[in-house]
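Accompanying notes for the structure given below.
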Amino acid sequence: MSTQNRFDLGGWASSYRETLSENWFAYLLILPVLAFLVLLMWLPFAQGFYMSFNDWPFGGEPAWVGLENYRFLFDWEPFYTSLRATLVFSLTTVLQLGVALVAALAVREIRRGKSFVTGVFLISYTVPPLVTGTIWAYLLQPDLGPIFGYLTQWGLLEETIYWGSDGGASLGVILFVTTWTFWPFMFLIISASLESIPEELYESARMYGAGRVQTFLRVTLPQLKSAILVALSIRIIWNMTKISQVLQLTNGGPGYDTSILAVLLYRFAYGQGRMGVAYAVGVILLVMTIGFVFIFIREFERTSEDPQ
Amino acid sequence: MSTDDFDVTAVTLKATTYGVISFLVLFNLVVLAFIFSVSFMPPSEFFGAPHIIPQNPTLDAWTSGFEELQDNLVNSFLIGLGTTVVALAISIPGAYAFARKEFYGKRAGFYAIISAMMFPYILLVIPIMDLWNDLGLYNTIPGMIIAYQVFVTPFAIWILRDFFAKLPTDIEEAAQVYGCTQFTAFLRVILPLATPGIVAVGFLAFLTGWNDFLFANLLTTGTGPVPAVPVLYGTIGGGSGERVYWGKLMAETLIIGTPPTILYLVARNYLENAFTV
C-alpha cells in the first residue's frame, strides 16, 4: 500500500477505490477508542439500565420487578431530601464559575508572577479530591481542628460548631470544599479562552470610546461565552457525580441531608447491596443531567466552526 | 474631574485585582503550610490550644505514614503509568483520524466519544464491577487501567484532535514526497509536532489513574492491589475523628499529593495550551 501511495500521489483524491481504502484506514484508527467506549460505557450502561427494573441483590440473581424500584424511590421520603441536597449542592458550579472568572480576569491584569500565581491556584485541583477532602476534614474538625480552635480562642465564636450533626451546615461545608477543590478547572478553560481574544477587538472598542464596563460586557463576555458554557456543562455533571469528598466529610449524613443522588446510589449499592434501586437512582441522575450534554455539544460545535 | 474619576476607577480596579489574587494565593499557601507543619506534631499536641509551630516536632507521622502506604503507592504508580500508556496508544490514532481524515460518520463518531465525557461515571461502576468479576479483571491492576480509559479517552481525543488539526494540511503529503510512507510520515513528522498535546494528555491520564477514588475503591478489595487514595478513606471514613492520629493522616495527604503536583509543575506549560476551547 505504501509504494502505491507514493506513485499515485497526483490522482489519489479522484480515485474512488483509493478513497475507500483511505476510509478503511480511518475506521481502523478510530476502532480502538470506539471499542473501549462500547465495552466500558454503552454495554455497562445498557446492563445497568435493565437492572434498574430488577430486584438485584449484590452477588445474587436479578428478578424482574418492572417499575417497582422507581415507585419505591418516589414514595420514599429521604429521596426528596436527597433531591433537594442535589439541587443545593449544584450551586457549587455557580460558585466555581464566579471564583474562576474573577481570578482569570485578575490574573490577566498582572504583569509579573503570573506563573507562580496560577501554579498556586492549581494545587487544590491537581491533588486527589479525597486528599483535599481529608485535609478539610481535619481543618474543620470541631474538637481538634484549627479553624474552630482559633475562632473560639479569638472569641469570634462562643463554642465550636458540630456541623456534622446539622444538615444545613454539613451541606455548607461540602459546598465550600467542593468549590475550593474544583474551581481551577474552570479557571484553566476561561484563562485559555481569555488569552485567545484578539487584541484588535479591544483596540476598536477603545476607538469607539467604550468604557471598561462596556468593553467587558460587549467584548470580553461574548468572546468567553462558549468557553463558559462548555466549562459549566462539564462541571455541572462532574460535580454531581463526584462522591469522594462528600463521603470523606459527612458520609452523606446526618441522615440523608448531604446524600446527593450520587451518594445515595453509593449507599444503596454498597451500604445495602440493593443494586437495582441504586441503578434506578442513577437513571434519574442521568435524566437530570442529560440536557447539559446538548448545550455542551452545541457550544463545542460553535467554537470549532469559527476558530479565532 | 473626569480624569480624577478615571484614576479612581483605575486604582480601585488595580487594588481589587491584587486583592483577589493575594487572597486566593494566601488562602492556598496557609492551608498548605498548616498541613505541612501539623504533620510534624506528635498525637498529644492535637489537643488543647491550636498552634502552627510544632512544640515537639517528630517524624513519626511521616515514617508510619510511609510504612502504611508504601505498597499502595507502588500500585498507584503502576496504575497511573498503565493508564497513560494505554490511553495514548488508543487515542492518538483515533484523534489523528478525527483531525485529518475524511470519512463517513466522522461527526457522529466524534460526538459519541466526546459526549462520553459528560456521562455520570458513577453509573458505570456497578455494571463494570459485575463484568470485571466475570472477566477475571476484578481486583487487578490491568482491570483498573482498562476501566480508567472511560474517563481519559474522551478528554484525550478532544485535546489531541485540536493539536493534530492545527498542523498544516499538506504536511503528510510533503513528507511522502520526500520518501516517507503514510506511517513513517505520521511517526516522524506529525507525532513530534503534536508533542505538547501528547504530554498534556499523558499528564491527565496519569492524574486520573493516581487521583481517582471511585473505581479505586470499588474495583479492589483489601486483598488486592489497592492504590493509595482509598487507604486514606479507610482511615477516617466520614469524619468521626476522635481516635485518629491526624498528624499521620496529614503526612499521608502530602505524600499522596506530591507526585501529581510535581508532574503538574513539569507539564503545566503544555496544559495551558491544551485547554483552549
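The values are calculated or read from the model by the stated rules, or taken from the named source; none is laboratory data. Only a predicted model underlies this, so the values are computations on that prediction, with no experimental measurement involved. Methodologically, a virtual Cβ is constructed for each residue, glycine included, from the backbone with ideal geometry; neighbour enumeration extends over all protein chains shown.
Working only within segment A:73-102, note down all residues that are exposed (fewer than 14 other Cβ atoms within 10 Å of the Cβ) and more than 22 Å from the chain's Cα centre (by Cα).
Answer for segment A:73-102, where residues must be exposed (fewer than 14 other Cβ atoms within 10 Å of the Cβ) and more than 22 Å from the chain's Cα centre (by Cα): A:PHE74, A:ASP75, A:TRP76, A:GLU77, A:TYR80.
Read through the list (1) over 26 Å from the mean Cα position of the chain (by Cα); (2) more than 9 Å from chain B (Cβ to nearest Cβ); (3) modelled with pLDDT of 75 or more, then give the number of the only condition that A:TYR70 fails.
(1)
Would you mind listing the helices (runs of 4 or more DSSP H) fully within segment A:1-65 where at least 3 residues are at pLDDT below 75 and within 30 Å of B:VAL86 (Cα to Cα)?
A:16-37
Quick check on segment B:140-161. Is at least one of its residues surrounded by 15 or more Cβ atoms within 10 Å (Cβ to Cβ), over 17 Å from the mean Cα position of the chain (by Cα) and either assigned to a loop (DSSP other than H, G, I, E, B) or among the hydroxyl-bearing types (Ser, Thr, Tyr) (or both)?
Looking through segment B:140-161, at least one residue is surrounded by 15 or more Cβ atoms within 10 Å (Cβ to Cβ), over 17 Å from the mean Cα position of the chain (by Cα) and either assigned to a loop (DSSP other than H, G, I, E, B) or among the hydroxyl-bearing types (Ser, Thr, Tyr) (or both).
Has segment B:32-39 got any residue that is more than 24 Å from A:TRP180 (Cβ to Cβ), surrounded by 13 or more Cβ atoms within 10 Å (Cβ to Cβ) and not hydroxyl-bearing (Ser, Thr, Tyr)?
No: segment B:32-39 contains no residue that is more than 24 Å from A:TRP180 (Cβ to Cβ), surrounded by 13 or more Cβ atoms within 10 Å (Cβ to Cβ) and not hydroxyl-bearing (Ser, Thr, Tyr).
Each row is one residue, and each column tells you yes or no for (1) of a type outside the set (Asp, Glu); (2) under 27 Å from A:GLY98 (Cβ atoms); (3) surrounded by fewer than 23 Cβ atoms within 10 Å (Cβ to Cβ); (4) facing another protein chain (nearest Cβ under 10 Å).
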| position | (1), (2), (3), (4) |
| --- | --- |
| A:LEU221 | yes, yes, yes, no |
| A:LEU224 | yes, yes, yes, yes |
| A:LEU232 | yes, yes, yes, no |
| A:LEU249 | yes, yes, no, yes |
| A:LEU261 | yes, yes, no, yes |
| A:ALA278 | yes, no, no, yes |
| A:PHE292 | yes, yes, yes, yes |
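Which one is farthest from B:GLY247 (Cα to Cα) among residues in segment B:50-82 that are among the aliphatic types (A, V, I, L, M) and within 13 Å of chain A (Cβ to nearest Cβ)?
That would be B:ILE79.
Can you tell me which residue within segment B:14-28, out of those that are exposed (fewer than 13 other Cβ atoms within 10 Å of the Cβ) and aliphatic (A, V, I, L, M), is farthest from B:THR253 (Cα to Cα)?
That would be B:ALA15.
Can you tell me which of (1) surrounded by 15 or more Cβ atoms within 10 Å (Cβ to Cβ); (2) over 15 Å from A:PHE176 (Cα atoms); (3) modelled with pLDDT of 90 or more is the one A:ILE135 doesn't meet?
(2)
Just one of the numbered conditions (1) hydrophobic (A, V, I, L, M, F, W, C); (2) crowded, with 17+ Cβ neighbours inside 10 Å; (3) assigned to a helix (DSSP H, G or I); (4) in contact (Cβ under 8 Å) with a residue 12 or more places away in the chain is not true of B:PHE66; which one?
Here B:PHE66 meets the rest and fails (2).
Of all residues being closer than 16 Å to A:LEU139 by Cβ, touching a residue at least 60 places away in the same chain (Cβ under 8 Å) and more than 10 Å from chain A (Cβ to nearest Cβ) in segment B:6-44, which is nearest to the chain's Cα centre (by Cα)? Just the residue, please.
B:PHE36
Those residues that are within 14 Å of the chain's Cα centre (by Cα), more than 7 Å from every other protein chain (Cβ to nearest Cβ) and at pLDDT 90 or above, I need them from segment B:254-277; list them, please.
If the condition is that a residue be within 14 Å of the chain's Cα centre (by Cα), more than 7 Å from every other protein chain (Cβ to nearest Cβ) and at pLDDT 90 or above, then B:THR258, B:PRO259, B:ILE262, B:LEU263 are the ones that fit.
Take segment B:195-217 and flag every residue that is surrounded by 24 or more Cβ atoms within 10 Å (Cβ to Cβ) and more than 10 Å from every other protein chain (Cβ to nearest Cβ).
Within segment B:195-217, B:ALA200, B:VAL201, B:ALA205, B:PHE206, B:GLY209, B:PHE215 qualify.
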